[in-house]
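The values are calculated or read from the model by the stated rules, or taken from the named source; none is laboratory data. Every value quoted in this text rests on a predicted model; they were computed, and no experiment measured them. Because the Cβ atoms are built from the backbone with ideal geometry, glycine has one as well, and the counts that use them run over all protein chains shown.
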Amino acid sequence: MKLLLVDDERLALVQLERMLRQSTGLTSIETYQNPVQAVERASVLMPDVVFLDIHMPEISGIQAAELIQTVCPQAHIVFVTAHDEYAIQAFELNAIDYVLKPVQTARIQKTLERLMKRKGVQAAPEAPVKSTEMIYCFKMLRFQTNGQPAELPKWRTAKAQELFAYLLHHRGQIVHKSTLLELFFPEMDMKRAMTQLYTAIYQIRQCIQKSNLTIVIQNTSIQEGYILEIGQVALDTERWERELENLMGPVAEHYDRAIQLLEDYEGHYLQDHGYIWAEHERERLRQLWLSLARQVAAYDLERPEKWSEALQLYERIQTIDPYNETEGLLVMKLYDELGHFDKVTAYYERLLLTMENELGLVVPQPVEAWYGQWSERRMSKEQ
């Protein structure tokens with residue numbers, strides 16, 4: 001496997017190369033600080049994977065990725081950046097991952113595992129381990145043990161719940177106490193904040209024990225932090241994404257499984273808790289769901305007998321991405337084709353209100369033109 005690393009910061013480039021060599025043992029790794037030179041080299045090297053920073057001189061990592069995909073369409077793109085606001089653009093380019101700096105070895109290992117699965121290069125098969133324990137993160141935190149229905153954990157405080165969710169989010173990685181103090185107890189003096197942190201960790205351990213989950217929070221005294229190890233406990237988000245990655249080929253070949261995966265997405269990642277630090281992962285999973293939903297909806301749209309299903313799916317897509325004018329117009333047209341004429345008007349009026357009040361914009365011209373023609377046809381039929 002040939003890797004191409006691009007980052008204008010020399011130290012970050014050296015660190016990433018070292019991590020990748022230690023994790024994979026690969027020797028075919030080339031590094032570039034100049035993105036233009038990297039793009040030129042990609043057309044010759046034809047790399048399997050390209051790791052790209054985003055903020056770089058001359059051209060951005062987003063632009064470099066577009067150029068590399070043009071000359072080397074089989075290359076997998078991984079963005080490694082200190083900025084999280086480009087996640088949507090990254091996934092629109094079909095990036096396989098979006099890694100935030102400072103990069104952790106455990107996080108790079110997860111990226112490599114994802115790459116191996118995508119390329120079909122997997123380790124020797126092991127006997128499957130069926131976990132009887134599950135943590136649900138879609139919509140809200142829930143625990144499931146011994147085959148019983150998932151339940152809401154009984155947390156002593158909301159702070160303990162969020163601290164657990166944060167450690168779970170960074171599972172397998174050292175989370176420094178200084179990071180936790182700054183995030184969860186920013187207004188307290190050091191002594192009181194440390195007391196609150198120790199108390200919250202104690203409460204988390206008690207809750208885990210009462211829930212019969214085989215999860216361990218290790219205290220790393222050398223680096224003054226905590227590591228949450230989940231062992232064989234499964235996560236619904238990981239299982240969902242793993243099954244999504246296993247869907248290969250046209251939608252028709254895995255239609256039923258795709259529908260099930262769309263239904264299994266019960267809500268956004270930790271949606272009901274609204275943690276700001278979880279927004280990047282929330283958006284990443286949201287984009288994966290939208291991508292699959294749009295593929296299935298487009299497949300349904302080609303078959304008139306499936307238009308009802310297509311409409312339901314586009315309605316759900318619109319609740320997540322309400323400002324997509326093309327899909328909004330599709331929804332209105334499907335309402336018309338299926339005879340839901342009152343919903344055409346209601347949808348248009350709601351769109352009009354949203355565009356004016358929330359965005360200060362007018363309704364897109366194609367939508368307004370279609371609705372105007374539709375209204376005239378309806379009036380002529382009623383007369």
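Listed by first and then second residue, the pairs with beta-carbon distance under 7 Å, at least 6 apart or on different chains, first residue in segment 307-318 and assigned by TED's automatic domain parsing to the domain that holds residue 333, second buried (at least 16 other Cβ atoms within 10 Å of the Cβ) and basic (Lys, Arg), are 317/294.
The combined condition, being more than 30 Å from residue 310 (Cα to Cα) and either in the same structural domain as residue 314 (by TED's automatic domain parsing) or surrounded by 13 or more Cβ atoms within 10 Å (Cβ to Cβ) (or both), is not fulfilled by residue 218. Of all residues assigned to segment 295-304, none qualifies as being in contact (Cβ under 8 Å) with a residue 40 or more places away in the chain and closer than 20 Å to residue 115 by Cα. Of everything in segment 33-67, what is of a type in the set (A, V, I, L, M) and in contact (Cβ under 8 Å) with a residue 60 or more places away in the chain? Give them in sequence order. Listed by number, the list holds a single entry, 49. Looking at segment 1-75, the strands (runs of 3 or more DSSP E) lying wholly inside it that each contain 1 or more residues that are in contact with a Lys or Arg (Cβ under 7 Å, 6 or more places away or on another chain) and surrounded by fewer than 23 Cβ atoms within 10 Å (Cβ to Cβ) sit at 29-32. May I ask you to verify whether residue 283 is outside any helix (DSSP H, G or I) and closer than 20 Å to residue 136 by Cα? It is false that residue 283 is outside any helix (DSSP H, G or I) and closer than 20 Å to residue 136 by Cα.
Answer yes if at least one residue in segment 57-76 is within 28 Å of residue 172 (Cβ to Cβ) and not small (Gly, Ala, Ser), and no otherwise. Yes, some residue in segment 57-76 is within 28 Å of residue 172 (Cβ to Cβ) and not small (Gly, Ala, Ser). Assess whether residue 229 counts as being among the acidic types (Asp, Glu), loosely packed, with under 14 Cβ neighbours inside 10 Å, under 25 Å from residue 114 (Cβ atoms) and in contact (Cβ under 8 Å) with a residue 24 or more places away in the chain. Criteria met by residue 229.
Criterion applied to 163, 167, 183, 152 was being aliphatic (A, V, I, L, M) and farther than 26 Å from residue 234 by Cα, and the one residue passing it is 183.
Of the residues 264, 256, which is surrounded by fewer than 18 Cβ atoms within 10 Å (Cβ to Cβ) and free of Cβ contacts under 8 Å to residues at least 12 places away in the same chain? Sole residue among the options that is surrounded by fewer than 18 Cβ atoms within 10 Å (Cβ to Cβ) and free of Cβ contacts under 8 Å to residues at least 12 places away in the same chain: 256. Each residue in segment 50-106 was checked for being aliphatic (A, V, I, L, M) and under 21 Å from residue 116 (Cα atoms), and 16 pass. Would a scan of segment 228-245 turn up a residue that is more than 27 Å from residue 261 (Cα to Cα) and within 28 Å of the chain's Cα centre (by Cα)? Scanning segment 228-245 turns up at least one residue that is more than 27 Å from residue 261 (Cα to Cα) and within 28 Å of the chain's Cα centre (by Cα). Pick from segment 349-383 the residues that are in contact (Cβ under 8 Å) with a residue 40 or more places away in the chain and surrounded by 15 or more Cβ atoms within 10 Å (Cβ to Cβ): which of them is nearest to residue 327 (Cα to Cα)? So the residue we want is 367. Inspect all residues belonging to segment 138-145 and state whether any of them is assigned by TED's automatic domain parsing to the domain that holds residue 211, closer than 24 Å to residue 94 by Cβ and at pLDDT 90 or above. Yes. Going by the conditions given, is residue 310 part of a helix (DSSP H, G or I) and either touching a Cys at 6+ places or on another chain (Cβ under 6 Å) or under 18 Å from residue 379 (Cα atoms) (or both)? No: the conditions fail for residue 310. When every residue of segment 332-346 is checked against the conditions, at least one turns out to be among the small types (Gly, Ala, Ser), over 23 Å from the mean Cα position of the chain (by Cα) and not assigned by TED's automatic domain parsing to the domain that holds residue 98.
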